[in-house]
Amino acid sequence: MRALVIGGGAIGTLAATVLGGAGWEIVALARPATALALSQDGYRLTSPKGDQGVQPALVTGGWGAALETRPDLIVVAVKSYDTAALLAELRPALGAERPAVLCLQNGVDNEAALAKVFGAEAVIAGTVTTAVGMRGPGWAEVERDRGVGIASGHALSEALAEAFTTAGHRTQLFGSAGSMKWSKLLTNLIGNATSALLDWPVARIYSRADLYAIERRMLRETLAVMRALGLPVVDLPGVRVRLVPLVLALPAWLGRPLLGRAAGGGRGGKMPSFHVDVFAGKPLTEVAWLNGAVARYAARVKLQAPVNAALTAALNAATAGQSFALAFRDDPQALMAYIDSA
């Protein structure tokens, strides 16, 4: 079996080392700097369970050369905002054959975009709950070991789950890809947008009752959309997501410290992804595929999600450098007033 892995990011590196360790031949498609590192050192994954490594059979920067190897699987683990560009580059090079595609991206709608090119039957939804950070191109480190979810129903689903399990990762097959992806989305939302807009860590946000009220409304909007879509909340490997709606139903004085401890401890002191992207000066975050997705799907099912919509607009403005969004920094009153007026 042969897997084509896109890039040398944290999740792609995790997948490459797992599949390579299970005997798959790995082909790497990467930008020049990453390609050089992968050619010299291969993929490396550092974890408390021991280091893993795999040398790709081919490292290339071109889709033509990558697809000429006739991969059985393409692993897509790029940021959601890179999906459209990736598909635009891929489509002209893709022949009549359609390999399977393992989508390990956060948020929703990536699988739908991939299905338009590969066909819905070729796309395997996945989610990674293990926290993985980068030490360098193609070199990742497991920071908090949780696990991996794989949607069942594809001919390769069980083989992929077995590969991750054999490599020491807690792995679970899910009959509902939608429930798996939306449950992960629910966890990704906690403290993410508010942290980036206020420039505060999640623990500080959850120390305040007024900001918890905003977070609570945002998460309840998400749960309402999931119910309307017929997608129950499910536990993910290493993450008891089904506790989230139960905690949100508690009185705020009790639910706030419980969810705050879970959110703060789960990230191990790291700032959330939106904060990292905004303060790295990136022109985009994945907010459109997280909070933005909640707002879009709410409209489809005749619901409203004003908090998610407002946070999406503010984050998009922040990455565009618009002054009104930057003014929320360290000013929770301004942020709450903006959300309430939206």
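Throughout, read-outs are computed from the coordinates displayed, never taken from laboratory work. Because the structure is predicted, anything quoted here is derived from the model rather than measured. For neighbour counting, all protein chains shown are included, and Cβ atoms are generated from backbone atoms with ideal geometry for every residue, glycine included.
Annotations for the structure displayed:
- Bridging of LYS184 to aspartates and glutamates at a Cα separation below 16 Å is possible for ASP109, GLU111, ASP145, GLU221, ASP235, GLU286, once same-chain residues fewer than 8 apart are set aside.
- Order of THR69, THR13, THR285 - criterion: other Cβ atoms within 10 Å of each residue's Cβ, fewest first: THR69, THR285, THR13
- From the coordinates shown, Kirkwood radius over Cα pairs in Å corresponds to which of (i) 22.5; (ii) 20.6; (iii) 21.4: (ii)
- Per DSSP, loop GluC sites (Glu not before Pro) in the range 96-187 with at most 14 further Cβ within 10 Å: GLU97
- Applying 0.36 nm per residue to the separation of ARG300 and THR166 and subtracting their alpha-carbon distance, the gain on full extension is 44.1 nm.
- Pairs of Cα atoms farther than 12 Å apart, the range 58-115, %: 68 percent
- Distance between the modelled labels on ALA155 and ALA112, one decimal in nanometres: 2.8 nm (7 Å Cα→Cβ projection).
- Highest average first, the peptides 73-81, 3-11 ordered by how many other beta carbon atoms sit within 10 Å of their residues are 3-11, 73-81.
- Compared with the dominant Cα axis of the chain, that is its longest principal axis, helix 332-341 is turned about 90°.
- Considering all different alpha carbon pairs of the range 192-296, the Kirkwood hydrodynamic radius works out to 14.6 Å.
- The chain: calculated mean residue ellipticity at 222 nm from DSSP helix runs of at least 4, using -39500 (n - 2.57): -14000 deg cm²/dmol
- Phi angles across the range 307-315 convert, under the Karplus curve 6.51 cos²θ - 1.76 cosθ + 1.60 with θ = phi - 60°, into 3J(HN,Hα) values of 5, 5, 5, 5, 5, 5, 4, 5, 5 Hz, Gly and Pro given as x.
- Taking θ as phi - 60° and the Karplus parameters 6.51, -1.76 and 1.60, the scalar couplings of the range 98-111 work out to 10, x, 5, 10, 9, 9, 10, 8, 6, x, 10, 5, 5, 4 Hz in sequence order, x denoting glycine and proline.
- Across the range 170-186, rounded Karplus estimates of 3J(HN,Hα) from the backbone phi angles (6.51 cos²θ - 1.76 cosθ + 1.60, θ = phi - 60°) give 5, 10, 9, 8, 10, x, 10, 4, x, 5, 4, 5, 6, 5, 5, 4, 4 Hz, Gly and Pro being marked x.
- Ranked by how many other beta carbons lie within 10 Å on average, peptides 320-331, 238-249, 176-187 from highest: 176-187, 238-249, 320-331
- Listed residue pairs exceeding 31 Å between alpha carbons, taken from LYS282/LYS302; LYS270/LYS302; LYS49/LYS282; LYS116/LYS302: LYS282/LYS302; LYS270/LYS302; LYS49/LYS282
- Annotation: amide H-H contacts under 5 Å for VAL101 (H modelled 1.01 Å from N, sequence separation of 5 or more, or interchain): ILE74, VAL123, ILE124.
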